[in-house]
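Here's the structure we're looking at; comments come further down.
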Amino acid sequence: MISIKNLHASVEGKEILKGLNLEVKPGEVHAIMGPNGSGKSTLASVLAGREDYEVTEGEVTFNGKNLIELSAEDRAREGLFLAFQYPIEIPGVSNINFLKTAINEIREYKGLDPIDPKQFLALVKEKQKLVELDGKLANRSVNEGFSGGEKKRNEIFQMAMLEPTLGILDETDSGLDIDALRIVANGVNKLRSPERSFIVVTHYQRLLDYIVPDYVHVLYNGRIVKTGPKELALELEEKGYDWIKSDAQNAAV
Amino acid sequence: MADKNEILEEHISSEYKYGFVTDIDTEFAPKGLNEDIVRFISKKKNEPEWMLEYRLKAFRHWLTMEEPKHWAHLDYPAVNFQDISYYAAPKKKPTVNSMDEVDPELVKTFEKLGISLEEQKRLVGMESKIAVDAVIDSVSVKTTFKEVLAEKGIIFCSFSEAVHEHPELIRQYMGSVVPYTDNYYAALNSAVFSDGSFCYIPKGVRCPMELSTYFRINSSGTGQFERTLIVADEGAYVSYLEGCTAPQRDENQLHAAVVEIVAQKDGEVKYSTVQNWYPGDKNGKGGIYNFVTKRGICAGSNSKISWTQVETGSAITWKYPSVILKGDNSIGEFYSVAVTNNMQQADTGTKMLHIGRNTKSTIISKGISAGKSNNSYRGLVRISKGAKNARNFSQCDSLLMGDKCGAHTFPYIEIHDKSGVVEHEATTSKIGEDQIFYCNQRGIDTEKAIGLIVNGYCKEVLNQLPMEFAVEAQKLLAVSLEGSVG
Amino acid sequence: MNVMTENKLTERILSGSEAKLVSLAGNASARKNALDEFRRMGVPTKRHEDYKYINPEGLFRLGEFMAKANVVRPVTSHDVEEMTIAPGAAKVVIVNGIFIPELSKLDRLPAGVTVKSIADAVVSDAIAKKYHSTIANDSSDAFIAWNTAMNESGVFIHIAKGATCNIPVHVVHIASNEAASTFHPRNLIVAEVDSSLNVIESFDSIGPVKTLTNVVTEVMVHKGAKLNHYRIQTEGDAAHQMNTTCVVAESGSNYCTYTFSFGGAWVRNNLNISFTQEHTESHLYGLYVTNGNRVVDNHTIVDHAIPNCMSNELYKGVVDGKSTAVFNGKIFVRRDAQKTNAYQTNRNILLSDDATVNTKPQLEIYADDVKCSHGTSTGRLDEDAMFYLRARGVGEASARKMLVRAFAEEVVNNVPDEAIKAYLDNRLNHLMS
C-alpha cells in the first residue's frame, strides 16, 4: 500500500521528520502516537502534499508510484485521503457541490464518466447515515458554521464518499466528546476492508479503543522509536511518553 | 511562490472570447463633436423638433462642464472627445420587421454571442422566453417578441422608435431621473445618444418574460451612447437584463450610457446586467472606457428597484447604479460582483438616497482584484431629514489575488435623521492557501478550486440573477479568474 | 472667479504675517517657505474632499479669528488647577500657543524626562532639531504649513532610552484672549528606545471671544517604546480647533491614542500614524459627544507601509442637538505590507432629529496577505433595551442615560490609567445630566 523509507522533511528550513520508516499493507490499520511536537501532524501533511513542507530526503511509494512527485490533487485521485485536524471552511460553496466536483475530478482522472446525479444523491443519503450526519449539513457551505464534532463527522462522510485506498486520520479525536468520538470511529470501522488501509494519528489512546489498530508506532523527534501491538497504546496511556523519550535519548547516546 | 506566479501568469493570459470584429457595412458620422453633429444625429433619426431641442440644450450644458477626473480612484489619459465618431450604424435598414431583412452577418454576430434573434429558436418553453432588443454600435437592429408583449400593453422597443411612437411617455420620463445637467457623461449622452431600449409596463401588469437588451460595439473609432428607459407603472413588474461585449481593439473606446428607471406605486423593476466589454490586453492596451450613469427612482409607495451587476470587462469602469427612495416603504437593492484583472480599473458602487418613510436599502458588493488591477467600491448612503425609520445594510467585501493589485472601499454615509439605522461592514481577504490545499486533497485541482471558491464568495450576488444569466455569469467568472491566486 | 476670492481670503488671513515671522525663533527660511506654501494652497474649501463636510473656509468668511492684536486674557494658577485631569501629573501650560513656565509644574519629573519650550529646543536641542518638521511633513496640508510658518511656541517632551515616566505629562492648552484670534502651538514628543510615557493634551478655553487653535503635534516612537497619548478636548462654545497629530512608530513599539471630544464649537482632528518598521502596534480610540451647533470631525490615517504591523481603531459618537459629527478613517496598506492586521470600527448614536452623522471608513489595500476589516453603524438607541429598562421601572431619562453611558463606556474602558478614567467618567456624567 504505502512504503515510507528514510523520510526527512522540513518546514521553513527546520527539520521535523528525521529519517522515518513505515510500511503499511492493504487492510492494515496503523496508529501513530507520540508526544506533542514529535512530527505526527507533519507526517500527515507531508503525505498529503502540503506545499509548506519540503521533503529533503527519502522516498515514499504509494500503490507503486512515487508519491513525492505527485501533486496534492493527484495523490487524492490515487486514493489518498487526509481527514484534517482542522477542517477548512469554504464560504458559499455547498458541501454537495464540493463533493460532486471532487468525485467527478477523481473519476475523470481514472478515465470514468461523471457520476450520474441520481446515483450521486443516493450515495450521499447512504453515506450520511454512516456518520449520522444531518441531511441539512450537506447543503450548507463546506464546514462553515459547523460545530467541531460536525466538522469531524463531515471529514469521515467525505472519506466515505470518495472511497480512498488509504485514509489518514490526523488527530480526528481532538475536540470530540465521547458520543461524537464513537460516531466517528464507527464510521471509520464500517469503512475498513481488506483493500483499504488507515494511518491513525493521535495523541491519546482512547480513539484506539474504538478503532483497534494492527500496529502502534511511537513517533518521537521525527523518527519512529518504538513499534508494538495494540497493547502498546495502553502502556503509553498508563506510563506517558517520558520513558519513551529517555529510551530514545539513551539509544541516541 | 514561483508556482503561484505561474498560475497567475496563466490566468492573466486567458483570452477575451468576444473580441472578434464583424464585417458589417457601416455608416459613420464624421469624427468630432459640435452642434452640427448633434443636428446630424437627430436628422439621421428623423427626430421631432422637441428631441433636437433637448439634445442641443444638453450639448450646450456639456460645453460648460469639466471632465471629472480627480475624485474617482482612477488613472487614465484624457479622452479626446473630438476624435470619436458619435454615430455608427449598420447600413441596412436599422429597424426590420422580419428575420429575412436582417443582415446575415448580424444574425451570425449575435449567434456567436449566444443571442438568438429568431423568436422560434427561443420558444423552448414559455418560462424561458426572453425578449431581446439588439443594439449594435449606435442603433437597435431588432426587437423580438414585440407582438406578444403588445397584447399585454407592454411597450418594448428601441428608443428611437419610442420617440416617434410614444412621444408623450418619452417626454414625461426622459431625463426625469437623470437630468442632462447631472454629470459630464450624462450631459454628453443626452446630446449624442443614438439609440437604446425603452420599456413601459402598464398598470397592474406583470411582464410575462424577461426583457433583454444586448449591446455590442462593433466599429472602430466610435463611442457607444445608448439610453435605456424603463417605467413600471402602478403595480407593474418587470425583470430586465442587459448584456454587452465589444471587439478586441488597440484603441480605447468610450461607452457613456444613461439608464433611467421609474417605479410607480407598488411597481417593481429588477435590473440585471452582465457587463463584459473588452477589458484591454494584459499590458492595458485598448479596452472600453465604461462611464455610465444608471439611476432609478422609487417614485411611489411600496415600490422596489433592484440592481444586480456582474462586471468583468472594460478597461475602466465608472458606474454607480443608484436608487432614489422617494416613496414611503420603498426598497432599493444593489448586488454587485466586480472583477478586475491585468491593468483594469473599476470604481463602482451605488447610491441609496432615502427620502420617504420606512425605506429600506441593501448593498452587497463583492470585489475581486487580480493582476495589476485596481478595484474600488464607492458608495453613498444618505438618510435625509424626515426619512423616518430608514434602514440600510451594506456589506462590501474584497478579495485580492496576487500582491500587485489593489482593493479599496470608500463608503460615504450621511445620516440626517435619528430614526435611521445604517450598518456597513467590509472585509478584505485573499483565497486561503489552506482552502486550496483542502480542495486539492479532495482531488480538485487548483484551477477548479479557485473557480469553486470565487463562485462561493459571490454566491449572494449570483443568486439574484435570473437563471440564464446566472449560468453565463458563473462561466464568465471562471473564465476571467481561472488560476489567478496569490 | 473662485480662485480670485480664495486668494483674497487667504491674503486677508495672512496680512501682517511676514512682518511677524521675522520675530519668531528657528529657521526663518523654512518659515517663509511654509508661509508661501500656505498662501499657494489657501484655506481648504468644502470642494476639498477631506473638508467636504466642515468647510474651514466658511469659518474665515465670517471674518473671525483675524484680529491682529493678541491681547491675552490673564490665566491664573487657579484656572489651571480647575483643568486638572490626573492629580500628580507634571503640568505644562500653554496659553494661546505660548509656553508659560510660571504656570507649569515640572519639578516632579523623574530623571530621563525632559520637558521644555519648543521655541528653545529647536535652537538648542539636537534631538528636537532632528525631528522638528520631519514627521508632520505632508506638504499638501495647508494647516500644517500655516503652523510651521507661524508657531511661536509649544512643548518639547523627550524621554530617554529605557526610562519610565511614572507620572503623566499633562500639556494644558488654554485659549484665552480679549480679541478673536488664531494660535499655532507646536509640540514634539520623542520617546526613545524602550521608554514608557503617558502624555495628556487637554484643550480648554476661557472667555467668550472666538479663537482658533491650529495645533500641530509631532510624535516619534522609537523601538520598543510605549506611549499612551490622550487628547481631551473640553473647550467652550467660542473655541475652534484644528488639531493635527502625526506619528511615526518603529518596531516593537506600542502607540495608543485616545481622543475625547467633549467641547468646542468646531473641532477637527487629523491623526496620522505611519509604521516605518515591522512588528509595530497601534491602538486608536475615540469618543465624541456633541450637542448644540457643534461640529466635530475626526480624520484618521493609519499607513501600513511595512509588513507585520497591527492597528486597531474604535471611534464612537453620541450626537445630539443640531450638531454634526464626521468620522473619516483611512487604512492604507501598501504593496509590501503583507501580514498586516488592521481593524476599524465606527459607531454612532443619534439622539436628535436635527443632528447629522457623516461617516466614511475607507480601506485602500495593495497587499493580498492581510486581514483588514471595517464596520460602521449609526442609529438611535436600542428601543428594545429602552423598553426592557422601563419595564423594570427605570424612568425614560435614566434609561436613556444608562444606555448612552454603556455605549460610551466601551471606549472609556480602554483607558489604562485609573485617574484619567475617573476624570472621563465624571465628565461624561456631567455631560449627560
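Values quoted throughout were computed directly from the atomic coordinates according to the rules given, and no laboratory measurement underlies them. Note that the structure is predicted; figures quoted are calculated from it, not measured. FYI the Cβ positions are ideal-geometry reconstructions off the backbone, even for glycines, and counts take in every protein chain you see.
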Highest mean first, what order results for B:419-429, A:130-140 on Cβ atoms within 10 Å?
B:419-429, A:130-140
With the Cα gyration tensor of chain C giving a ≥ b ≥ c as the square roots of its eigenvalues, does the rule (a/c under 1.5 for rounded; else a/b larger than b/c for prolate; else oblate) give rounded, prolate or oblate?
rounded
I need the phi-derived Karplus couplings for the stretch A:201-211: 6.51 cos²θ - 1.76 cosθ + 1.60, θ = phi - 60°, integer Hz, Gly and Pro marked x.
8, 8, 8, 10, 6, 4, 4, 6, 5, 9, 9
The FRET efficiency for A:Asn21 and B:Asp434, from their Cβ-Cβ distance with R0 = 45 Å and rounded to 0.05, is 0.95
Measuring from label point to label point, each 7 Å out along Cα→Cβ, what is the A:Leu112 to A:Glu235 span in nm?
4.2
Taking the Cβ of each residue in C:Met41, A:Met33 as the centre, tally the other Cβ atoms inside 10 Å and list the residues starting with the fewest.
C:Met41, A:Met33
Once phi is turned into θ = phi - 60°, what whole-Hz ³J(HN,Hα) does the Karplus curve with 6.51, -1.76 and 1.60 give for every residue of the stretch C:129-137, x standing for Gly and Pro?
4, 5, 9, 4, 6, 9, 9, 7, 10
Can you give me the long-range amide H partners of B:Gly420? Hydrogens built in the peptide plane at 1.01 Å from N, cutoff under 5 Å, separation of 5 or more residues or another chain.
B:Asn389, B:Ala390
Rounded, prolate or oblate: which fits the protein assembly as shown when a ≥ b ≥ c are the square roots of the eigenvalues of the alpha-carbon gyration tensor, with rounded for a/c under 1.5 and prolate only if a/b beats b/c?
oblate
Estimated vicinal HN-Hα couplings, Hz - the stretch B:343-357 in sequence order (Karplus 6.51, -1.76, 1.60; Gly, Pro = x):
9, 5, 10, 10, 10, 9, x, 8, 10, 10, 10, 8, 10, x, 7
Please work out the FRET efficiency for the pair B:Phe28 and B:Leu52, using the Cβ-Cβ distance as r and a Förster radius of 25 Å; give the result to the nearest 0.05.
0.80
Based on DSSP, what percent of beta bridges with both residues in the protein assembly as shown are antiparallel, to the nearest 5?
20
What ranking do B:Val461, B:Val310 get, fewest neighbouring Cβ atoms within 10 angstrom at the top?
B:Val461, B:Val310
How would you rank A:Val218, C:Val415, going from fewest to most other Cβ atoms within 10 Å of each one's own Cβ?
C:Val415, A:Val218
